[in-house]
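Colleague: Below is the structure I would like to discuss, written out as structure tokens.
The values are calculated or read from the model by the stated rules, or taken from the named source; none is laboratory data. Remember, predicted model here, so these are calculated numbers, not experimental data. Ideal geometry is used to build each Cβ from the backbone, glycine not excepted, and the neighbour counts take in all protein chains shown.
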Amino acid sequence: MADVAAGCTSCGECVRPCSFLQQQGTPLSIAQQGTTDRNLLAAYGCSLCGLCDAVCPESLSPSGMLRAMRNEAADRGLVNLKAYTPWLNYEKMGASPFFRRDLIPTGCTTVFFPGCSLPGTRPDAVLELFKRLRLMEPAAGLVLDCCGKISHDLGLTDHFTALFGRLSKRLRHKGITCILTACPGCSKILRNYGEGFDVTSIYEVLAACTVPTPPASPCAVVTIHDPCPARFDPAQQTAVRQLVQSCGYRIEELPSHGTTTRCCGQGGIVEGCVPGTIKQETRLIAAEAAGRLVISSCASCSDSITTATAAGHVVDLLINKTDFSAKPVSSARRWLNRLKLRFARLL
């Protein structure tokens, strides 16, 4: 907070694209209000997407300040956690032994960690990715678990530390040194807190081994939504585009892409305290897409954007899916899909 208070010039660069700052004011004005209960709780209206960091001419991190404010609000017991019960239960169940799985063959040092959303919405795609990985690295394993990003973003530091600590300790004990991720949110958490692990997106591994396919004629056009956790991850962004092009598609970029991508509304679990956030943000993305199919590397982003315009996941293209008219998978089906992976015979 002190850094932002000292360095922010209220130039407005971060306010223009951000619905939250348009309501709350510049980072300087937020910092100047200090750590009052009301100001700390206001941070839960921020998606923590990092767009403000990307556009700040002073190289400040307003999103870092807002996340620290959430941590303090949670430490003080100010947060009404009942508003976030669905998300916290989702995290709790995802990390439970009933849905958790460690498939680690003898000699395995590399595991595929698909996260929560992709197994819930596209279990067959997870199986296909694992199959392709095993062709490249026969000793590769699979870990189904939750990284704890929900607790992390809500500022529940102790709970996140305990949950993530159990995961990382278990993987280290089993000799894992490399983690391949499918979820950009998991990538960010594992890189920031998974000391000693080499964390890479599986899209980079696949892109390095993929032979480009000549585009169909006429070439189908798609546009790419970069998930906000991958905002500062150009290697993952490039790999996703290479994979899309390898499937024969031509890419037309959204005005907001790369470091200036928009959050789909899921970030920071803002929906818990500001209902309608997802609808509002996906409509903005849909307007930029202007009728073009939107492809993302985040299953949560894809499903959110689908409510506003046609959208899919990069893995959908890899498994030759062409129909993107279906509605997002129901909650019950997501759990059944995760159970399918939990008990599937893979080796």
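Colleague: If residue 35 satisfies every condition in (1) touching a residue at least 12 places away in the same chain (Cβ under 8 Å); (2) not in a loop (DSSP other than H, G, I, E, B) but one, which is the exception?
Modeller: Every listed condition holds for residue 35 apart from (2).
Colleague: While we're on this one: Name every residue in the stretch 281-307 that is more than 24 Å from residue 116 (Cβ to Cβ) and out of contact with any strand residue (DSSP E or B) (no Cβ under 9 Å at 6 or more places or on another chain), in order of residue number. Step through it out loud before you land on a result.
Modeller: Residues of the stretch 281-307 more than 24 Å from residue 116 (Cβ to Cβ): 283-284, 286-293.
Matches in the stretch 281-307: 283, 284, 287, 291.
Colleague: Provide a single number: the residues in the stretch 71-89 that are in a helix (DSSP H, G or I) and either closer than 19 Å to residue 185 by Cα or touching a helix residue (DSSP H, G or I) at 6+ places or on another chain (Cβ under 9 Å) (or both).
Modeller: 13
Colleague: Please indicate, with yes or no, whether at least one residue in the stretch 240-255 is surrounded by fewer than 18 Cβ atoms within 10 Å (Cβ to Cβ), without any contact (Cβ under 8 Å) to a residue 12 or more places away in the chain and assigned to a loop (DSSP other than H, G, I, E, B).
Modeller: Checked the stretch 240-255: no residue is surrounded by fewer than 18 Cβ atoms within 10 Å (Cβ to Cβ), without any contact (Cβ under 8 Å) to a residue 12 or more places away in the chain and assigned to a loop (DSSP other than H, G, I, E, B).
Colleague: Against the condition within 20 Å of the chain's Cα centre (by Cα), surrounded by 20 or more Cβ atoms within 10 Å (Cβ to Cβ), at pLDDT 95 or above and part of a helix (DSSP H, G or I), how does residue 262 come out, does it pass? Spell out the reasoning first.
Modeller: Numbers: within 20 Å of the chain's Cα centre (by Cα): yes; surrounded by 20 or more Cβ atoms within 10 Å (Cβ to Cβ): yes; at pLDDT 95 or above: yes; part of a helix (DSSP H, G or I): no.
No: the conditions fail for residue 262.
Colleague: Among (1) more than 30 Å from residue 259 (Cβ to Cβ); (2) touching a Gly at 6+ places or on another chain (Cβ under 9 Å); (3) outside any loop (DSSP other than H, G, I, E, B); (4) hydrophobic (A, V, I, L, M, F, W, C), there is one condition residue 108 misses while meeting the rest; what is its number?
Modeller: (3)
Colleague: Let me ask something else. Could you run through the stretch 47-70 and say how many residues are under 16 Å from residue 273 (Cβ atoms), assigned to a helix (DSSP H, G or I) and under 20 Å from the mean Cα position of the chain (by Cα)?
Modeller: Residues meeting the conditions: 3.
Colleague: Moving on to the next point. Answer yes if at least one residue in the stretch 317-328 is surrounded by 24 or more Cβ atoms within 10 Å (Cβ to Cβ) and not assigned by TED's automatic domain parsing to the domain that holds residue 98, and no otherwise.
Modeller: Looking for residues that are surrounded by 24 or more Cβ atoms within 10 Å (Cβ to Cβ) and not assigned by TED's automatic domain parsing to the domain that holds residue 98, one finds none in the stretch 317-328, hence no.
Colleague: Quick one: residue 269 ticks every box in (1) out of contact with any strand residue (DSSP E or B) (no Cβ under 7 Å at 6 or more places or on another chain); (2) at negative phi; (3) crowded, with 18+ Cβ neighbours inside 10 Å except a single one, so which number is it?
Modeller: Tallying (1) out of contact with any strand residue (DSSP E or B) (no Cβ under 7 Å at 6 or more places or on another chain); (2) at negative phi; (3) crowded, with 18+ Cβ neighbours inside 10 Å, residue 269 fails exactly one: (2).
Colleague: For the stretch 117-126, name all the residues that are of a type in the set (D, E, K, R) and not in a loop (DSSP other than H, G, I, E, B). Before you say what the answer is, go through the steps one by one.
Modeller: Of all residues in the stretch 117-126, those of a type in the set (D, E, K, R) come to 122, 124.
Correct list: 124 only.
Colleague: Sticking with this one: Can you give me the number of residues within the stretch 327-338 that are of a type outside the set (Phe, Trp, Tyr) and either within 16 Å of residue 115 (Cβ to Cβ) or more than 22 Å from the chain's Cα centre (by Cα) (or both)?
Modeller: Of the residues in the stretch 327-338, the ones of a type outside the set (Phe, Trp, Tyr) are 327-334, 336-338.
Filter once more, keeping what is either within 16 Å of residue 115 (Cβ to Cβ) or more than 22 Å from the chain's Cα centre (by Cα) (or both): 329, 334, 337-338.
Total meeting the criteria: 4.
Colleague: Moving on. Given the residues 154, 180, which is the only one that is over 28 Å from residue 316 (Cα atoms), crowded, with 23+ Cβ neighbours inside 10 Å and modelled with pLDDT of 95 or more?
Modeller: 154
Colleague: Identify, please: which residue in the stretch 1-23 is in a helix (DSSP H, G or I) and touching a helix residue (DSSP H, G or I) at 6+ places or on another chain (Cβ under 6 Å) and is, among those, surrounded by the fewest Cβ atoms within 10 Å (Cβ to Cβ)?
Modeller: 5
Colleague: Does residue 331 qualify as being over 22 Å from residue 140 (Cβ atoms), at pLDDT 90 or above and crowded, with 17+ Cβ neighbours inside 10 Å?
Modeller: When the stated conditions are applied, residue 331 does not pass them.
Colleague: Within the stretch 47-85, how many residues are more than 17 Å from residue 32 (Cα to Cα), of a type in the set (D, E, K, R) and either in contact with a Lys or Arg (Cβ under 9 Å, 6 or more places away or on another chain) or in contact (Cβ under 8 Å) with a residue 40 or more places away in the chain (or both)?
Modeller: Looking only at that region, the number is 3.
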